[in-house]
1. Just from its helices, what would the mean residue ellipticity at 222 nm be for the chain, if runs of 4 or more DSSP H residues each count -39500 (n - 2.57) and the sum is divided by every residue, rounded to the nearest 500 deg cm²/dmol?
2. Can you run the Rg to Rh ratio on the range 167-262? Use alpha carbon positions and the Kirkwood inverse-distance Rh.
3. Out of the GluC sites (Glu not before Pro) in the range 37-103, which ones are loop residues according to DSSP with at most 14 other C-beta atoms within 10 Å?
4. Give 72/262; 138/220; 64/200; 64/137; 22/93; 22/107 a once-over and call out the pairs whose C-alpha atoms are over 22 Å from each other.
5. Which of the trypsin sites (Lys or Arg not before Pro) found in the range 143-249 are loop residues per DSSP with 10 or fewer other Cβ atoms within 10 Å of their Cβ?
6. What is the Cα centroid distance between the range 1-40 and the range 186-262, reported in whole angstrom?
7. Going by amide H atoms built from the backbone, whose H comes under 5 Å of the H on residue 24, apart from near neighbours?
8. Using all alpha carbons of the range 95-145, what is the percent of pairwise distances in each 5 Å bin, ordered from the shortest bin to the longest?
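Every number in this text was worked out from the coordinates using simple rules, so none of it is lab data. A quick note: this is a predicted structure, and the numbers were derived from the prediction, not measured. Here Cβ is always computed from backbone atoms with ideal geometry, including for glycine, and neighbour counts include all displayed protein chains.
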Amino acid sequence: MLRFCSLYSGSSGNSFLVQSSKATILVDVGVSAKKIETAFADLELDINSISAILVTHEHSDHVKGVGTLSKKYNIPVYTNRKTWLAMPSEIEKVNEENRHYIEIGNKFNIEDLEIIPFPIPHDAACPCGYNILNSGKKISIATDIGHVSKDIMPYFENSSFVLLEANYDPEILRYSPYPRHLKYRIDSPTGHLSNASCSKVVSHLVDSGLNSVMLGHLSKENNFPELAYQTVLNEINSTHDNMNIDISVASRDFPSKFIDIK
Ligand SMILES: [Zn+2]
Ligand SMILES: [Zn+2]
């Protein structure tokens, strides 16, 4: 059994859940511990069953509740050394025995899950995405990606399911009231991924076995769920005939449906 659920996703906070028959892990806790408790209650899951928290990078929309949740439920936290050092207010809340240091590119295991952290271009200390594998099935989770280069595409290939950022629509961003430096940051190669760039990646992955994608980390101001969805669907339809792929959009406010990874 391998399944995925987005608890919350958007510029306001991100947390994703991956569950196998032996492990329940969270990727990022960018919302309060209270909101994680609410999501677990809604999903009728035991919050004491969390095996680990994986952290992608130190921005507050990814780590806001990491320290409090780890401390309250005694949960091990995994990230690389540079990211640990870049989140001092979280590290001090995590008990020393729960601080795990990983290296980008190096595989590790949590129960029956094999995990590979891979590099992503984003303006943080040492940001990463995660491949999570179980019984020959592969999930990839990556948000906060300035661009998807040829180097990182192989990490996404051969995934059954991908949670991929579709942060903004360039036209909406251009006319948004954001200050110029912020628009530049979002649009830069180390900022965020646009709907159009996301759609190109998804369309490529369809050829390597992708059968389900969830779009995440949508900007509240510079995107709409329907627009992100339609952009990806249009790109797939324009490059493939009769593709049957499940596309969903993660909500910022409540948990998604469970995606069973086949
Ligand atoms: Zn970020
Ligand atoms: Zn973010």
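1. -7500 deg cm²/dmol
2. 1.00
3. Sites meeting the loop and neighbour criteria: 44, 92, 103.
4. Numbers: 72/262 34 Å; 138/220 29 Å; 64/200 31 Å; 64/137 30 Å; 22/93 26 Å; 22/107 18 Å.
Listed pairs above 22 Å: 72/262; 138/220; 64/200; 64/137; 22/93.
5. Answer by residue number: 150, 220.
6. Answer, in whole Å: 19.
7. The answer is 51, 52.
8. 5, 19, 24, 23, 18, 10, 2
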